[in-house]
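Below is one structure, written out as structure tokens; the observations come after it.
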Amino acid sequence: MLSQPVSRRFASQRLSLHYWEWGAKDAPVLILQHGGRDHARSWDNVARELCKDWRIIAPDLRGHGDSDWSPDADYNMITYMADFADLVAHLEVEKVAICAHSLGAMIATRYAGLYPEQVSALVNIEGLGPSPERIFRREGEPFNERLRDWIANRRRACQMRAPSGYADVDSALARMVEQNGHLTPALARHLTEFGLRQGEDGRYRWKFDPMLRVWPVLDMPQREIEALWRAVSCPMRFFHGTETFMSNPRIDGRMAFFPQADMVEYQGAGHWLHHDCFEQFMADLKSFLQTGQ
């Protein structure tokens, strides 16, 4: 059994993508998928708790962590879904369970609707994307204005592909703490150290591609997204924080697309509730995985 993570790679759409593996090769597979501008080592505490019973696979999305950046900045949802499908095919297993956060949960949930026969259980941590209200507002905006903004934003992001970075790890850590006030000092340092890469100039920069700051101007049609949601057939649980900036799908109506799903809400937790309320989160996750298989 792998009690410490082992670095592995697989090929997807001409990119070399990276994942960490824990646990026994013959154990059931649990994929832990991080969110946007995060990295796979953010799941370390979760993986340590579960690797005795699960073969843990923690992938870095394209453009994140130790995975390749897309040369043409192709970071749309369909491309992410294809990468996820390639990962599952690479693992050569019949079914996987998935626990995913934010952007990762958006990808995993659509994957579970596209390949329902391959997913045994799904945990979605604040990852259905924009609320119905936000989608309604966006659809009311002239598309040519959205497209002009997107082109301008991509141009600026291209100029940031080699940002100035930080002189040392502690400077980056200060930025991490500023942006994520709920983190413990130890976790903030862990996330920072694994999220940085030192360049030839000696300066430290975040591993993620700066082009990820620009969200794609187009997504799948909403009716097709909802069709994938309806097609999810495995046991499913939503986790949601009461202090998050994300819309609650139980309140805004999106949980209706998942009649088999339930929800756990965490008082005082933000968007990274699996960090903010770790012990409660682990108890709820273990309980669901035991009964959801």
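Points worth noting:
- Residue pairs meeting the criteria (Cβ under 6 Å; at least 6 apart or on separate chains; first more than 19 Å from A121 (Cα to Cα), in segment 244-272; second acidic (D, E) and in a helix (DSSP H, G or I)): A269/D276; G270/D276
- Taking the conditions (1) among the hydrophobic types (A, V, I, L, M, F, W, C); (2) outside any helix (DSSP H, G or I); (3) crowded, with 24+ Cβ neighbours inside 10 Å in turn, M106 satisfies each one other than (2).
- I125 being of a type in the set (A, V, I, L, M, F, W, C), within 24 Å of F194 (Cβ to Cβ) and touching an Asp or Glu at 6+ places or on another chain (Cβ under 7 Å): no
- In segment 75-100, residue surrounded by the fewest Cβ atoms within 10 Å (Cβ to Cβ) [restricted to those that are touching a residue at least 12 places away in the same chain (Cβ under 8 Å) and among the charged types (D, E, K, R)]: E94
- Test set (1) modelled with pLDDT under 95; (2) of a type in the set (A, V, I, L, M, F, W, C); (3) not in a helix (DSSP H, G or I) - A157 fails condition number: (3)
- Candidates R138, R146 - the one that is closer than 26 Å to D209 by Cβ and either in contact (Cβ under 8 Å) with a residue 60 or more places away in the chain or part of a loop (DSSP other than H, G, I, E, B) (or both): R146
- The listed residues are R205, R213, R189, R154, and the only one of them that is in contact (Cβ under 8 Å) with a residue 12 or more places away in the chain, more than 22 Å from P71 (Cβ to Cβ), surrounded by 12 or more Cβ atoms within 10 Å (Cβ to Cβ) and of a type in the set (K, R) turns out to be R189.
- A73 satisfies every condition listed in (1) in contact with a strand residue (DSSP E or B) (Cβ under 9 Å, 6 or more places away or on another chain); (2) in a loop (DSSP other than H, G, I, E, B) except (1).
- W43 meets all of the listed conditions (1) crowded, with 21+ Cβ neighbours inside 10 Å; (2) more than 24 Å from G129 (Cα to Cα) but one, namely (2).
- Taking segment 40-70 as the range and being assigned to a loop (DSSP other than H, G, I, E, B) and either within 17 Å of M81 (Cα to Cα) or hydroxyl-bearing (S, T, Y) (or both) as the test, the residues that pass are D60, L61, R62, G63, H64, S67, D68, W69, S70.
The values are calculated or read from the model by the stated rules, or taken from the named source; none is laboratory data. Because the structure is a prediction, the values reported are computed rather than measured. Cβ: placed from backbone, ideal geometry, glycine included. Neighbour counts: every protein chain shown.
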